[in-house]
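Quick one: the structure is below, questions incoming.
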Amino acid sequence: MARFDNKVVFLTGGATGIGRATAEAFAREGASVAVCDVAETPAQETVRRITNAGGKAIFIKTNVASAEEIQSAVKTTIEQFGGLHIGINNAGVEGSRDKATHDYDETVFRQVIDVNLTGVFLCMKAQIQAMLTSKTPHHFWGISECRFILPTLPPNTPSWA
Ligand SMILES: NC(=O)c1ccc[n+]([C@@H]2O[C@H](COP(=O)([O-])OP(=O)(O)OC[C@H]3O[C@@H](n4cnc5c(N)ncnc54)[C@H](O)[C@@H]3O)[C@@H](O)[C@H]2O)c1
């Protein structure tokens, strides 16, 4: 018996990087994985890699900044896999890496907040509602990033939180 047999994972940002590696690792351990991402082609490649290796995964095109799309993706996950046990809220955008706060574009800032902060909140809200309804034991992972470049530091010195 594998560690996550009969467990269903809802994972955002699974098209690339940490998200793809996490999706593959959970699938190797027996979990069924809903790969939710805006990036269609690479996310489908994640699913292909998992299913080719004998695992279970589906792609659900989802923008984590949209409450409606997340609600719909959670519903589809439960319909396809019969439950939801683990939420991995990993989708994120980097923003403008080298811009100091006083030069930072407001639209880019709002996108970072929408995806990295509001997106995690919206996903957890929908996941918890579904988990409480089905009374399943549940777990969450949050992977996020917040970075500011402070003008008081030497030029281009990033600080992470
Ligand atoms: N790699 C690092 O060194 C590092 C460091 C600190 C934090 N992080 C955080 O870890 C997470 C994963 O990092 P990564 O390096 O694998 O990044 P990545 O850019 O490879 O992956 C991010 C994924 O999120 C998806 N995504 C972006 N916007 C989305 C949206 N609105 N809705 C749904 N999906 C969306 C992208 O398509 C992509 O698949 C991110 O949240 C990132 O901010 C990464």
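No value in this document is a laboratory result; all are computed from the given coordinates. All of these numbers come straight from a predicted model, not from anything done at the bench.
Go through the range 83-98 residue by residue and turn each phi into a ³J(HN,Hα) via Karplus (6.51, -1.76, 1.60, θ = phi - 60°); whole Hz please, and just put x for glycine and proline.
Coupling constants for the range 83-98: x, 8, 10, 9, x, 10, 9, 10, 4, x, 10, 8, x, 8, 4, 9 Hz.
Follow-up question, since we're still on this one. Can you tell me how much longer the chain between Thr101 and Arg3 gets when fully stretched, taken as 0.36 nm per residue apart minus their C-alpha distance, in nm with one decimal?
Details: separation 98, 0.36 × 98 = 35.28 nm, distance 4.43 nm.
Full-extension gain reported as 30.9 nm.
Can you divide the C-alpha Rg of the range 1-94 by 2.2 N^0.38 Å and report the result to two decimal places?
Working: Rg = 11.8 Å, N = 94, 2.2 N^0.38 = 12.4 Å.
Normalised by 2.2 N^0.38 Å, the Cα Rg of the range 1-94 equals 0.96.
Would you mind pulling out the separation of the Cα centroids of the range 17-32 and the range 51-104, in Å?
13 Å
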